[in-house]
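Have a look at the structure below, then the notes.
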Amino acid sequence: MVDIKTPIKIGTKTLPNRITFAPTVKFDWTDRSGIAIERFAQHYEARAKGGAGLICVEATCIHPEGRLAPSQLGLWEDAQIDGHRAIVEACKRHGAVIIVQIHHGGYNTHPDCGPSKGPSVVEWRGRTTEEMSIDEIHQARDQFIEASIRAQKAGYDGIQLHACHSYLLDQFFSPVVNLRADEYGGSTENRTRLACEVIRGIRDACGDDFLISARVPGAEPTLEEAHKIADFLIEAGVDYLQVSNGIGPDESKTPEGLPFNHIVWIGTQMHAYVNGRVPVSVVNGIDRPELARYIIANNLADTIDSARALLADPEWARAVTDGTDYVKCIRCKRCFWSPMMEHKCPAVMERRKTDPTCVD
């Protein structure tokens, strides 16, 4: 059995434990500039100081026309580097490995930011999308690589490609909404081509010491298809898979009697399939220390991603590793991101009454 406090090597980086802070978007903390203000550094530093072994900074857009909201963080221009450098320096003071999730909304682009554009023309959430040309696909590929170069200049240990949750790279993965008949559609190899070109381009530009993670679907729409996608990403050079849900419809069926939910289960199935080729992380609803410890101790994943538990209590990781008291997430779902809404976690609101430094 593996103790959750055991360090783990991912790529060339060593995490001090198996707990990571999952990316959680904070709209309206910045403006149309996409620049990270001091509040971001304070927010992420609190989780690093609280013991999380890896910090993944929230979805950070590679181009202003791919944003989910006008107030989304960006790495599409050099003027945004300094704000990210402040986040990195704050977290590294506490020994955490830190990466940033780079993102493009594709079909989900906010209408005030750009067109709903992706691999194909489809009906998508009340809009008819536009199909990207080959030149536009290559531009997006280069923008992911350029954002990664900026991330490295800011001091990040690596990046996470946002390749699930129905965003651009996931849209290319999905046979449901990628209807192309060229080299970027059809077979699994073709549908993963863009992501693989991005991975290889980042590796060439940023070197072997730069961690490349991908947040991927565990079923797209089947476990078998998601596993084939993972094969191509690993072959391309990805260091780490952090598994969540995709576009669907998810055709997999969760066995009964498990202590965790469906999204965690499909992550455990990815971990079993990958079989040690790269570390695999699971996420969703892991907000009790005993569940986090159970998953790692039973070799169901290599790391666990926590979002809501670490929003409710920045020191939740200490409760997992050391058994300390913690503020429990009550699963009210108020922290779920939504454009133009600030999360109102009851635990955060209570802390603000006594802690004037609480910025969440």
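Readers should treat all values here as calculations from the given coordinates under stated rules, not as data from a laboratory. Bear in mind that the values here come from a model prediction, so they are computed numbers and not experimental data. In this analysis, Cβ positions are derived from the backbone assuming ideal geometry, glycine residues included, and neighbour counts consider all displayed protein chains.
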Virtual paramagnetic centre 7 Å along Cα→Cβ of M1, amide N under 19 Å, in the stretch 18-50: 18-19
Check: the chain dipole with +1 on Lys, Arg Cβ and -1 on Asp, Glu Cβ, in debye: 1120 debye
Distance between modelled label sites at E89 and E130, nm, 7 Å Cα→Cβ extension: 4.0 nm
Rg(Cα)/(2.2 N^0.38 Å) for the stretch 16-106, N = residue count: 1.03
Percentage relative contact order, the chain, counting C-alpha pairs under 8 Å, at least six apart: 17 percent
For the stretch 207-318, diffusion coefficient by Stokes-Einstein and Kirkwood Rh (Cα), 37 °C, 0.692 mPa s, µm²/s: 228 µm²/s
FRET efficiency estimate (nearest 0.05) - Cβ-Cβ, E77 to D112, R0 22 angstrom: 0.75
Charge dipole (the stretch 135-289, unit charges on Cβ, about Cα centre) - positive-most of Y184, A226, G158: G158
Modelled FRET efficiency - R0 41 Å, R200 with D31, Cβ distances, 0.05 increments: 0.75
Cα gyration tensor shape of the stretch 111-261, rounded if a/c is under 1.5, else prolate or oblate by comparing a/b with b/c: oblate
Cβ-based net charge around D157, under 12 Å, with every Lys or Arg adding one and every Asp or Glu removing one: 0
MRE, 222 nm, helices only [DSSP H, n ≥ 4, -39500 (n - 2.57), over the chain, to nearest 500]: -10500 deg cm²/dmol
Cross-link pairs beyond the 23 Å C-alpha cut-off, checked among K9/K49; K49/K328; K13/K49; K13/K228; K13/K153: K13/K228
Distant-in-sequence amide H partners of Y240 (H built 1.01 Å from N, under 5 Å): A214
Nonlocal amide H pairs with K13, under 5 Å, H built at 1.01 Å: none
